[in-house]
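Single-structure report; data block below.
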Amino acid sequence: MGRHAFSKEQIMSKKEKQEACQLYIEQEIDAGLEEGKTPYSIGKEIAGWIEKLFEVKVKPTTIEKRAERIRNINFPTNVGNLTVDLSKEDEQAVLKTARQIKTERRQTRTRQREEQKAETIKTDPPLEHGNYELVQSDFREHKTEPNSIDAIITDPPYGIEYIPLYKDLSLFASNVLKQNAPCVVMIGQSWLEKALNYLSENLTYVWTIAYFSPGKSTQIFSRKVKSNWKPVIFLVNGNNECEHISDFVNSGHYDKDHHDWGQTVEGMAQLIDRFTIKGDLVMDPFCGAGTTGIASLKSGRRFIGIDNDEYAIKQSATRLQEIESGRSL
């Protein structure tokens, strides 16, 4: 779940690059609006990153106008069957106030998260205790003992700029997993084919599990889709010797309280129960706020979590220490 550097080694056709740029723009506009940024600042920021990541020049004003349109979509003038007779000026005033309120709420959430992050980084929780170990590192640089892991269960970042990581994850998993052990990878659907091709280079694909997330849909503007589920790719390091499993997981509820890309403990616990047994050593190379670790410890498994983000690791350490100490979160 921690962010990693984008690799330019991946060669994309002109069409693929255009699709990647479009999806990247839509995703970053959504993220920027959620953080309370103005369309102007979003356009300027995204244009700079597109030139760095894709070597393509896009006018900031073009992105700014698109951000403005998307922001306006979030504030419809009709409210159910309620009919309000407003003048054009009053209607614009109501919309402006609504936008201001939403922006203020976003800014408050962002400020609270930044304050929480600053306080967490000041702490010094143990990174190794009882049945867990946490490592602040890029998983590609961490020296894990070969053939020592019973299962990898992870939720890497989904954007096109992160797709080359799945190639590295495939090689890493084939080295650290025990023979025939499972590698279970959650991913978004926009770049599913590319991710699966990379993962299959060193691992054997078995099945795709549907991970259902109740609550608000994730709107993928470039694909014209509102999504409520994610694919979980089930692979093995050799042959599939797992028991028969269900290919559907209901995560229970929406949970981004601890990490922007986080999943629920309930949802990850279902995956852990299906692919491991008590006492197994579970690894998450993108552990984020430690949800996979919490689910592992609660299920009687051992856990190793890796992430390159200091805040994520310390947040994970605090949460896992509470589990090991027998205190409720």
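State which residue is farthest from E141 (Cα to Cα) when the search covers only the range 306-321 and only residues that are of a type in the set (V, I, T) and part of a helix (DSSP H, G or I). Give the steps one after another, and end with the answer.
Residues of the range 306-321 that are of a type in the set (V, I, T), as a first pass: 306, 313, 318.
Keeping just the survivors that are part of a helix (DSSP H, G or I) gives 313, 318.
On the way: I313: 16, T318: 24 Å.
The selected residue is T318.
So which residues in the range 218-233 are among the β-branched types (V, I, T) and at pLDDT below 85, if there are any at all?
T218, I220
May I ask you to list pairs of residues, at least six apart or on different chains, whose Cβ atoms are under 6 Å apart, with the first in the range 266-289 being under 19 Å from T144 (Cα atoms) and the second being part of a helix (DSSP H, G or I) and of a type in the set (S, T, N, Q)?
V282/S296; D284/T292; C287/S316
Cβ-Cβ under 6 Å, sequence separation 6+ or interchain: first residue in the range 171-183 and surrounded by fewer than 22 Cβ atoms within 10 Å (Cβ to Cβ), partner among the hydrophobic types (A, V, I, L, M, F, W, C) and part of a helix (DSSP H, G or I). Which pairs?
Filtered contacts from the range 171-183: no entries.
Name the pairs: first residue in the range 310-327 and closer than 16 Å to V265 by Cβ, second residue aliphatic (A, V, I, L, M) and part of a helix (DSSP H, G or I), Cβ to Cβ under 7 Å, at least 6 apart or on different chains?
R319/I294; L320/I294; L320/L297; I323/I294; I323/L297; E324/L297
Q112: assigned by TED's automatic domain parsing to the domain that holds S296, modelled with pLDDT of 75 or more and out of contact with any strand residue (DSSP E or B) (no Cβ under 6 Å at 6 or more places or on another chain), yes or no?
Working: assigned by TED's automatic domain parsing to the domain that holds S296: no; modelled with pLDDT of 75 or more: yes; out of contact with any strand residue (DSSP E or B) (no Cβ under 6 Å at 6 or more places or on another chain): yes.
Answer is no for this residue.
Considering only the range 134-161, how many residues are among the charged types (D, E, K, R) and surrounded by 18 or more Cβ atoms within 10 Å (Cβ to Cβ)?
The number of residues fulfilling the criteria is 3.
Please go through the range 148-172 and pick out each residue that is in contact with a strand residue (DSSP E or B) (Cβ under 6 Å, 6 or more places away or on another chain) and of a type in the set (G, A, S). It would help to see each step written out before you state the result.
Taking the range 148-172 as the starting set, the residues that turn out to be in contact with a strand residue (DSSP E or B) (Cβ under 6 Å, 6 or more places away or on another chain) are 149-155.
The answer is A151, and nothing else.
Are any residues in the range 202-217 at pLDDT below 85 and crowded, with 21+ Cβ neighbours inside 10 Å, and if so, which ones? Break it down into steps so the answer makes sense when it comes.
If we filter the range 202-217 for residues that are at pLDDT below 85, which is where we start, we get 213-217.
If the condition is that a residue be at pLDDT below 85 and crowded, with 21+ Cβ neighbours inside 10 Å, then S213 is the only one that fits.
The values are calculated or read from the model by the stated rules, or taken from the named source; none is laboratory data. In this text the structure is predicted, and so the values were computed from the model without any measurement. Ideal geometry is used to build each Cβ from the backbone, glycine not excepted, and the neighbour counts take in all protein chains shown.
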